[in-house]
Each structure stands twice: as structure tokens, then as C-alpha cells.
Amino acid sequence: MQKTGNQKLIQELNRSIILKTIRHHGPISRSEIAKINNISPTTVSVAVGRLIKQGLVYEDKPGDSSGGRRPILIRFSPESRYIIGVAISNSSIQIAEMDLAAKPHNLAIYPIHNLTGKLFVDYLLDLISQFLNNCPDLAKCMGISIISPGIINVEDGIIHENTKLKLKDIPLKEIAEDKFKLKTWIENDANAIALAEKKFGKFKKFKNLIYITIGDGVGAGIIVNGAIYRGGNGGAGEFGHTSIDRNGLYCDCGNRGCLENYISWPVIFSKISSAIEPQGNNTVMLELAKGDIEQVTPSIFLQALEKKDILAEKIMEETAEYLATGIVNLVNLFNPDIIIFGGKVAYNNHILIARVKELVFKRAMAVLTNRLEICSTSLGDNFRMTAAATIALQQIFHFSIIS
């Protein structure tokens with residue numbers, strides 16, 4: 001019995017190794033798979049046959065001959081299964097079917113309507129339920145992968161703290177698995193995006209990486225020596241709740257002078273609104289919003305910066321000053337190889353990023369900025385969904401972020 005159990009475990013391990021090889025190197029021949037992994041051709045053929053039956057791989061066109069018959073190449077089939085990706089922010093929820101290459105399909109975006117606490121959780125579960133009802137063939141769904149701002153216990157799937165959504169010790173993994181009968185993963189959003197940059201982005205070569213998201217809140221995902229740094233309670237990366245002014249504004253977290261209260265989009269929007277309505281400042285932002293101040297978005301703010309709008313430039317400079325202060329602390333603490341920006345304030349905002357880079361290189365220790373790169377995320381418009389998929393794929397395929 002023990003021998004049979006061990007043999008089955010070895011077969012599953014070999015199949016996992018072979019699938020990983022096909023994903024990374026395919027299209028690839030069976031003989032090449034055997035050579036790369038030092039596994040017998042018979043073992044490879046049996047495992048590949050099983051993977052073909054499961055629909056995870058398929059036979060492609062013949063490859064080049066090295067003297068004998070042309071080998072049949074094996075290719076990974078990323079659309080054979082899918083994951084439900086869920087990306088929570090403090091103002092919206094994105095849900096999509098994610099294939100096994102982390103590509104989104106049928107993406108839907110829902111506003112949160114200022115819901116918090118249990119009302120938010122119920123709303124989230126209802127949205128996922130509605131989305132699943134419209135999914136084809138749930139037998140092919142491998143699970144639900146959720147990313148969210150806040151302090152998260154990844155192993156137990158608990159959101160310990162999200163001050164904006166007023167979530168406290170919510171066992172979301174257990175709740176979702178009980179309700180949907182699907183395997184569920186949960187991770188902090190900034191950690192997930194940092195991981196996605198390592199696996200699917202342009203920054204795979206960097207071992208020490210910090211991803212910073214600036215949107216409705218501010219957070220960071222930190223990778224040190226190729227591994228996510230979580231801290232003792234999963235709370236590492238609460239960059240928005242680092243204090244830059246001990247006499248500053250009160251924060252939802254209970255502290256004063258938190259960085260989030262100086263650079264997040266609600267703060268930037270408030271500055272825009274205050275400058276336009278009582279003071280009547282002229283700005284291209286109002287024109288771009290067709291006279292409705294409530295329609296000013298981060299995209300309009302960026303367009304105004306590109307048009308050298310005076311008000312937008314003034315607010316951008318204030319934001320850059322505060323942000324650079326926080327970044328200098330990160331550089332001096334962690335000495336990263338690269339800092340990557342995302343979130344609706346910083347995504348593709350090259351003007352803001354360039355100014356922050358200038359200030360950081362001026363103020364941080366010179367030896368720590370030597371070869372430091374500061375840039376925008378490389379994951380594209382759907383970076384949050386790619387990140388959600390990455391968390392599940394990491395577990396399903398057991399890949400290493402430094403592989």
C-alpha cells in the first residue's frame with residue numbers, strides 16, 4: 001500500500017515538473033522534456049498522455065528533424081481551465097475569468113457604492129455568485145483568487161484589517177469556499193502585483209523589488225531576495241500608513257500624518273475641487289470634464305499635466321514632494337533594485353514618476369540609488385487582474401518567482 005502511494009506521488013510530481021517545462025519551454029518535443037529534466041522518455045510519454053487527456057497540453061505541428069523523424073511538439077493549453085479573478089479596491093470590484101496564462105476574459109467592473117463591513121462582504125459574495133452563474137462549464141474552474149488592500153493572513157485567508165472598507169478579521173477564504181464550493185485564495189493586492197511583475201512582467205531579473213500602488217489608498221508589495229516579505233502578521237507593506245508628519249492629519253488607522261492622506265486620489269481630487277469651486281481657478285481639467293467637477297478622474301488629471309495646466313502641475317508637485325519623502329525612507333531601509341509604480345494616480349503618470357525619481361536621487365543615500373530604477377508597472381491596463389491570477393497560478397503550478 002505504501003509503495004503504491006509513493007508511486008502515485010512520484011507520478012504526480014513528474015507530471016507537475018513536465019507541465020511546468022511545457023509551460024516555460026513549449027512548444028517542445030517529448031525527448032527534449034526528458035533531456036531537460038533527466039527523466040526517462042517512457043515516463044515523459046505517459047505523463048504527456050495524461051496531460052493531453054486532461055486538456056492541459058496538446059500536440060502541435062512537427063518540429064525540426066535532427067536526422068530521424070520530425071518530433072511532434074507539445075504545447076501548453078492555457079484556455080483549458082480558468083480561474084475566477086477578483087480584484088478589490090476601496091472603490092470598485094473587478095471580476096474576470098482568467099486563463100492559465102493570466103489573461104482576462106469577460107471582465108466586469110462594479111462600483112462599491114461606499115459599502116463597508118458586512119454589507120460590503122455580502123455585496124462581494126453576491127457579485128461573485130452572479131458572475132459564476134454566467135460562467136461556462138464550472139467543472140473547468142480551478143478556483144477563485146481574490147486580492148484586496150489591507151493586512152491579510154494568507155495561510156488562513158483572513159482580512160485582518162482594511163480601514164477604508166471597515167473590514168476586521170473577516171475569514172473571506174472560508175466564507176467563499178463554503179458558499180461556492182470552489183478552492184479560494186486571498187492575498188494583499190500590492191503583494192500580488194509585485195509577484196506578477198516578477199512572473200509575467202519585464203522585471204524578472206530583479207531580486208529586490210518594491211511595488212507601490214497609489215489610488216484610493218496607498219500600499220506596497222516588497223520582494224526581498226526573490227521572496228515576498230510579509231512581516232510577522234502579514235502587515236508588511238502598509239506604506240500608506242507610514243507617518244510623514246507627527247502633527248499631521250488624523251488617519252482612519254488611528255495615527256497622524258499618514259502618507260496616504262497626502263497623496264491618494266481622494267486627497268488629490270479634494271485639492272482640485274477646493275481650488276476650482278470656491279476660488280474659481282481656471283483649469284483645463286474642468287474643460288476636459290465638460291464642466292462637471294465630479295467627473296474629474298485620474299486620467300483627466302494626467303491629461304491636464306501633459307497640457308501643462310498650472311493647477312494640475314501645482315498639485316502634482318505637492319504630491320511628488322510627499323511621495324518622494326516616503327520613497328527615500330524605503331530606499332534607505334530596503335535598498336531595492338527597482339521601485340515600480342501602479343494604481344490610478346501613478347499608472348503611466350510619467351511626469352509624476354520622473355519628478356519623484358529626481359527628488360529621491362537627490363535626497364536618498366547616493367550609494368543606495370546607484371543602479372536603482374524607478375518606473376511604471378509593465379503589466380498593462382489589466383495589471384490587477386493579472387495579479388489576481390498570479391496568486392492562484394503560483395499555487396496550482398507551484399512555480400517559484402525566481403525560476
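The values are calculated or read from the model by the stated rules, or taken from the named source; none is laboratory data. Computed from a prediction, not measured in an experiment: that's the story for all the values here. Cβ placement follows ideal geometry from the backbone for every residue including glycine, while neighbour counts extend to all protein chains displayed. Only protein heavy atoms, including side chains, enter the accessible area calculation; ligands, DNA and RNA are left aside. Shrake-Rupley method; radii C 1.70, N 1.55, O 1.52, S 1.80 Å.
Comparing 69, 246, 256, which has the greatest mean-square fluctuation in the GNM of the chain with Cα pairs linked when under 10 Å apart?
For the chain, modelled as a Gaussian network with Cα springs under 10 Å, the answer is 69.
Roughly what angle does helix 117-133 make with the longest principal axis of the chain, taking Cα atoms, 0 to 90 degrees, to the nearest 10?
Computed tilt is about 40 degrees.
Would you work out if region 85-177 is rounded, prolate or oblate? Take a ≥ b ≥ c from the square roots of the eigenvalues of the alpha-carbon gyration tensor; rounded if a/c is under 1.5, else prolate when a/b is larger than b/c, oblate otherwise.
Taking the square roots of the gyration eigenvalues as a ≥ b ≥ c, region 85-177 is prolate.
Would you mind checking 118/164; 8/140; 103/173; 20/199 for any pair whose Cα atoms are more than 18 angstrom apart?
Violating the 18 Å limit, Cα to Cα: 8/140; 103/173.
Just tell me which aspartates and glutamates come within less than 17 Å, Cα to Cα, of residue 183; anything on the same chain fewer than 8 places away is out.
97, 99, 137, 155, 156, 174
Using a 10 angstrom cutoff on alpha carbons, build the Gaussian network for the chain and name the most mobile of 194, 236, 87.
236
Tally Lys and Arg at +1 and Asp and Glu at -1 over the other residues with C-beta under 14 Å from the C-beta of residue 337: what net charge comes out?
Cβ neighbours under 14 Å give a net charge of +4.
Which value, in debye to the nearest 20, describes the size of the charge dipole of region 261-360 about its Cα centre when Lys and Arg Cβ atoms bear +1, Asp and Glu Cβ atoms bear -1, and nothing else is charged?
So the dipole magnitude of region 261-360 works out to roughly 100 debye.
At q = 0.22 Å⁻¹, what log₁₀ I(q)/I(0) does region 1-150 have when each alpha carbon counts as one equal point scatterer in the Debye sum?
Per q value, in the given order, log10 I(q)/I(0) is -1.27.
For the chain, take the longest principal axis of its alpha carbons; what is the angle in degrees between that and the long axis of helix 265-276, to the nearest 10 within 0 to 90?
So the helix axis and the longest Cα principal axis differ by about 30 degrees.
Below 10 angstrom from the Cβ of residue 79, what's the summed charge of the other residues (Lys, Arg +1; Asp, Glu -1)?
So the environment of residue 79 carries a net charge of +1.
Amide H to amide H under 5 Å from residue 257: which residues, 5+ apart in sequence or cross-chain, H placed 1.01 Å off N in plane?
For residue 257, the qualifying residues are 248, 249, 250, 251.
What is the Cα coordinate range of the chain on the first, second and third principal axes, sorted by size from largest, in whole angstrom?
Projected onto the principal axes, the Cα atoms of the chain cover 78, 49, 43 Å.
For the chain, modelled as a GNM with alpha-carbon contacts under 10 angstrom, which of 174, 277, 287 fluctuates the most?
Ranking 174, 277, 287 by mean-square fluctuation puts 277 first.
Amide H of residue 348 versus every other amide H placed in the peptide plane: which residues, excluding those fewer than 5 positions away on the same chain, fall under 5 Å?
377
Can you give me the long-range amide H partners of residue 150? Hydrogens built in the peptide plane at 1.01 Å from N, cutoff under 5 Å, separation of 5 or more residues or another chain.
So residue 150 has HN proximity to 189.
Can you give the local net charge around residue 218? Use residues other than it whose beta-carbon is closer than 14 angstrom to its beta-carbon, Lys and Arg +1, Asp and Glu -1.
Value of the local net charge: -3.
With charges set only on the Cβ (+1 for Lys and Arg, -1 for Asp and Glu), what does the dipole of region 111-214 come to about its Cα centre, in debye to the nearest 20?
560 debye
Averaged per residue, what accessible surface does the chain expose to a 1.4 Å probe, in Å²?
Accessible surface, normalised per residue, equals 49 Å².
In region 108-199, which trypsin sites (Lys or Arg not before Pro) fall in coil by DSSP and have 11 or fewer other Cβ atoms within 10 Å?
Qualifying residues, ordered by number: 181.
Can you compute 3J(HN,Hα) from phi for each residue in region 310-315, using the Karplus curve 6.51 cos²θ - 1.76 cosθ + 1.60 with θ = phi - 60°, rounded to whole Hz and x for Gly and Pro?
4, 5, 4, 5, 5, 5
So what is the calculated 222 nm ellipticity per residue for the chain, using -39500 (n - 2.57) for each DSSP H run with n of 4 or more, over all residues, to the nearest 500 deg cm²/dmol?
Result for the chain, helices only: -13000 deg cm²/dmol.
Would region 141-217 count as rounded, prolate or oblate if I go by the C-alpha gyration tensor, calling it rounded below 1.5 in a/c and otherwise prolate when a/b exceeds b/c, oblate otherwise?
Judged from the Cα gyration tensor, region 141-217 comes out oblate (a/c at least 1.5, b/c at or above a/b).
Against the longest principal axis of the chain, how steep is helix 2-25, in degrees 0 to 90 to the nearest 10, with axes from Cα atoms?
60 degrees
So in the chain, what percent of DSSP beta bridges are antiparallel if you round to the nearest 5?
If I count the DSSP bridges inside the chain, around 65 percent turn out antiparallel.
Could you sort the peptides 268-275, 351-358 by per-residue average Cβ neighbour count (10 Å cutoff), highest mean leading?
The peptides rank, most packed first, as 351-358, 268-275.
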